[in-house]
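Working notes, structure below.
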Amino acid sequence: MSESDPRSPHAGDALLLVDVQHDFLPGGSLAVPDGARVIAPLRRCIALFANRALPLFATRDWHPGDHCSFRAQGGPWPEHCVAGSAGAAFALQLPASTRIVSKGTHAAQEAYSGFAGTDLERQLNDESIGRLFVGGLATDYCVAQTVQDARRRGFDVVVLRDAIAAVDAHPGDGEHAIERMAQLGAVFLESAELS
């Protein structure tokens, strides 16, 4: 792992926002309890990274209308983040330079991780990124899977503790996901600790 201070993002670091989309916020079709609390800390992080001209990546669910994860297709979730819909739109104003990574684009394939079936790893390598600062939704699904895949690919990961929120479909899922990410070597910080 990198010896550099995780509180001070610098060249070689990137901010990775995971699925901060309207359908995962209050009022959305698959709302994450307390999901809206991630918005303010992520705005601060976006500004910090933008001011330092550090890269920003944002994953999004971008599902076809017959995606396998939908209940109508036998999946566990209500219809959500259908490509081009209002619910699939980002819930944050993102800089024009943000690299958008669409996942879950194939009807028959689930994709919780931002690395699943995407070119995220290639893009990060092209930018010589070694460490990711991660926030978004939901802790126990897309955030945890993205962090797991990032660690398996050799990236250092800093999870922004106040910028994630869990679905908790089963009580405690979010905390278990945090424990798993920590066991994989992810570092946890509050966004206010970044300087």
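The values are calculated or read from the model by the stated rules, or taken from the named source; none is laboratory data. Just so it is clear, the structure is predicted and the values come from calculations on it, not from any experiment. Cβ sites come from the backbone with ideal geometry, for glycine too, and all protein chains shown count toward neighbours.
Kindly provide the set of residues from the range 6-19 that are closer than 14 Å to Phe133 by Cβ and surrounded by 15 or more Cβ atoms within 10 Å (Cβ to Cβ), ordered by number.
Pro6, Pro9, Gly12, Asp13, Ala14, Leu15, Leu16, Leu17, Val18
Return yes or no: is Cys81 in contact (Cβ under 8 Å) with a residue 60 or more places away in the chain, surrounded by 14 or more Cβ atoms within 10 Å (Cβ to Cβ) and more than 18 Å from Gln123 (Cβ to Cβ)?
Against the criterion (in contact (Cβ under 8 Å) with a residue 60 or more places away in the chain, surrounded by 14 or more Cβ atoms within 10 Å (Cβ to Cβ) and more than 18 Å from Gln123 (Cβ to Cβ)), Cys81 qualifies.
Within the group Phe70, Phe57, Phe24, which residue is buried (at least 18 other Cβ atoms within 10 Å of the Cβ), out of contact with any His (no Cβ under 9 Å at 6 or more places or on another chain) and of a type in the set (Phe, Trp, Tyr)?
Phe57
Return yes or no: is Ile46 out of contact with any Lys or Arg (no Cβ under 8 Å at 6 or more places or on another chain), within 25 Å of Phe188 (Cβ to Cβ), free of Cβ contacts under 8 Å to residues at least 60 places away in the same chain and crowded, with 19+ Cβ neighbours inside 10 Å?
Yes; evaluated as a whole, the condition is true for this residue.
For the structure I just gave you, tell me whether Ala58 is among the aliphatic types (A, V, I, L, M) and part of a strand (DSSP E or B).
The answer is yes for Ala58.
Can you pull out the residues in the range 159-189 that are under 24 Å from Ala91 (Cα atoms), of a type outside the set (Gly, Ala, Ser), surrounded by fewer than 24 Cβ atoms within 10 Å (Cβ to Cβ) and in contact (Cβ under 8 Å) with a residue 40 or more places away in the chain?
Result: Asp162, Val167, Asp168, Leu189.
Consider the range 118-149. How many of its residues are over 10 Å from the mean Cα position of the chain (by Cα) and over 19 Å from Gly84 (Cα atoms)? Let's see the steps before the verdict.
First pass over the range 118-149, keeping only residues over 10 Å from the mean Cα position of the chain (by Cα): 118-132, 140, 148-149.
Remaining after also requiring over 19 Å from Gly84 (Cα atoms): 119-132, 140, 148-149.
So the answer is 17.
With respect to Asp140, is the statement that it is farther than 22 Å from Ala31 by Cα and assigned to a helix (DSSP H, G or I) true?
On the way: farther than 22 Å from Ala31 by Cα: no; assigned to a helix (DSSP H, G or I): yes.
Against the criterion (farther than 22 Å from Ala31 by Cα and assigned to a helix (DSSP H, G or I)), Asp140 does not qualify.
Check whether at least one residue in the range 28-42 is under 17 Å from Ser195 (Cα atoms), of a type outside the set (Ser, Thr, Tyr), at pLDDT 95 or above and buried (at least 16 other Cβ atoms within 10 Å of the Cβ), and report yes or no.
Looking through the range 28-42, at least one residue is under 17 Å from Ser195 (Cα atoms), of a type outside the set (Ser, Thr, Tyr), at pLDDT 95 or above and buried (at least 16 other Cβ atoms within 10 Å of the Cβ).
Failed condition for Gly65, given (1) touching a strand residue (DSSP E or B) at 6+ places or on another chain (Cβ under 8 Å); (2) without any contact (Cβ under 8 Å) to a residue 40 or more places away in the chain; (3) surrounded by 15 or more Cβ atoms within 10 Å (Cβ to Cβ); (4) not hydroxyl-bearing (Ser, Thr, Tyr), with all others met?
Every listed condition holds for Gly65 apart from (3).
Sort out which residues of the range 61-93 are assigned to a helix (DSSP H, G or I) and over 15 Å from Ala108 (Cβ atoms), and write them in order of number. Steps first, answer last, please.
Residues of the range 61-93 that are assigned to a helix (DSSP H, G or I), as a first pass: 71-73, 86-88.
Within the range 61-93, Arg71, Ala86, Gly87, Ala88 qualify.
What do you reckon, is Tyr112 surrounded by 18 or more Cβ atoms within 10 Å (Cβ to Cβ), of a type in the set (Phe, Trp, Tyr), in contact with a strand residue (DSSP E or B) (Cβ under 9 Å, 6 or more places away or on another chain) and closer than 21 Å to Ala83 by Cβ? So that I can check it myself, show each step before the final result.
Numbers: surrounded by 18 or more Cβ atoms within 10 Å (Cβ to Cβ): yes; of a type in the set (Phe, Trp, Tyr): yes; in contact with a strand residue (DSSP E or B) (Cβ under 9 Å, 6 or more places away or on another chain): yes; closer than 21 Å to Ala83 by Cβ: yes.
So Tyr112 passes the test.
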